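**Q** Dropping a structure here in structure tokens format, bear with me for questions.
Every read-out reported here was derived from the displayed coordinates using simple, explicitly stated rules and does not represent laboratory data. All values derive from a computational prediction rather than experimental measurement. Cβ placement follows ideal geometry from the backbone for every residue including glycine, while neighbour counts extend to all protein chains displayed.
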Amino acid sequence: MPIRIATNLSSINAQRHLGISNASFSQSLERISSGLRINQSADDVAGLSVSQGMRGEIRGIVEGVRNAEAGTNLVQQAEGALNEINAILLRMRDLAVTSSNATINDGNRGGIEAEFNQLSSEIDRIVLSTAYNGENLLTGFGNTVSKDVEVSTVFDGFSGVKNVDLSGAVPGTYIFSDDDNDDNQISLSVTHSDGTVQSQTIDIGSMLDRHGGQNMVATGTTLVANFDRLGVSVTLMGEGIDSGGMYTTSVKNAVPGGTLIIEDIVVDFEPNTSLDKIAGDLNNILQDLNPPGSAVFLPDIGEVRIDTGGREVNESPIGFLGLSNLNKYIDGSLDGKKILVGEGKGGVLQVGTSGDSNDRISFSIGDLRSSGSLLNLGGLSVANIQSARFTIARVDQAIYNVARQRGDLGAVQNRLQYTSSNLGSAIENITAAESVIRDADIAQEVSELTRSQILTQAAQSMVAQANSLPRTALELLR
């Protein structure tokens, strides 16, 4: 081996290895002190990119859990209010049942009517005061129609349509149709954004001529067709719906006596017979016929409304009996008409990290006001036996609709609980995966640190030895 003094290759080699050992020692020291395998991008470029993406996903999922918990609180608040509304409806039904009993006199019914109206007002108060973070929950929340929903209605040719109430309707295209073979029916179908179709058909004749009908309300010359399953109601007047040959008559004021002839039925009245008594006598007779009819006394307007079940009526010569305009409806004016309801702004919970629909949970709460499509309590009365019996059926339907809405909210709440559990599991699993990429293996790093320390000390010793090699040349010069 040659001896050189100008260039000490052994020292250079030892210094290079010393630098490598020092770098390894410093890296192990940094990883142990920070607990991370990746402290800068140079440590692992690909690993850092994957780790940062996972950290962003974890933070998004954590926010999704918070959103799900907030959504659960919102649903619980709405469901609690619905529980109270349900209790009120049960009390209103009790009042209607009590008022429909013959042992109750008009004075008693006056008190019952007062409580009934107060309870209806209390429902509206609860609905209007139930809010979460300033957003009202029970007047049409989420995808149901509210002040934030875009509604486009094609009213051209809607003759006889006074109003279309969309409170409770969800986004979609609503189309009215008329069965050519049955003038008594109106159908409404909605096509949702996912392609599913819902429909509901109302039989006008059967709803109008029975005081127990649940979906039709007749007041004066207007009718309300309530498509409660779809959240839409239509108020018709004049030439709106064909009542299917149903003859409706009215008797105004107390009469001095007379005879009412309904086809082969003859009903005689004593002088000064009250309208309430006339309604009762007529109702007893008409209910026994096939098909049955009905008679209802309306004290607010001093009139008896008589549905003759399709039988012709001979007008009284003394003029106290007259035909009502309720037999002048034509349902064809609605055939083919469309109502387009856009998306609402509320009722969407972001429970994932992306803008994809799979990371959102949507739900709706219908309009729970007493006059809304779900309760449909407008115009109800328990002031007399017939109206009280009619009210029972309507309140029963309202109780069913509230129970159905509570069931929907309960399903959403259960779904949110499962969502929170799943998100918690996702956080755990993604965190574990990110830890494998970014966290330091302390046992391995301590071993590497010890190795680097030994190599550093050895390299230092070898540098010292290599630096002493040129001195051997001096021995040759002596």
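**Q** Starting from the 7 Å offset along Cα-to-Cβ, what nm value, one decimal, do you get for the label separation of GLU69 and ARG404?
**A** Here the modelled spin labels are 3.5 nm apart.
**Q** Right, next: Among ILE123, ILE61, which comes first, second and so on when ranked by fewest other beta-carbon atoms within 10 Å?
**A** Working: ILE123 25, ILE61 22.
Final ranking by Cβ density, sparse to dense: ILE61, ILE123.
**Q** What net charge do the residues around ASP43 carry, taking every other residue with its C-beta under 10 Å from that of ASP43, with Lys and Arg at +1 and Asp and Glu at -1?
**A** Details: positive: ARG31, ARG37, ARG438; negative: GLU30, ASP44.
Overall, the nearby charge balance is +1.
**Q** Can you give me the distance in nm between label points at VAL348 and SER425, each placed 7 Å from the Cα along the Cα-to-Cβ direction?
**A** In this crude label model, VAL348 to SER425 measures out at 2.7 nm.
**Q** Hey, rough spin-label estimate for THR103 and ALA433, points 7 angstrom out along Cα→Cβ, what's it come to in nanometres?
**A** Taking the two extended label points, one gets 7.2 nm.
**Q** How much length, in nm to one decimal, is gained on full extension between ASN414 and ASP356, taken as 0.36 nm per residue of separation minus their Cα-Cα distance?
**A** On the way: separation 58, 0.36 × 58 = 20.88 nm, distance 2.17 nm.
Separation in residues times 0.36 nm, less the Cα-Cα distance, equals 18.7 nm.
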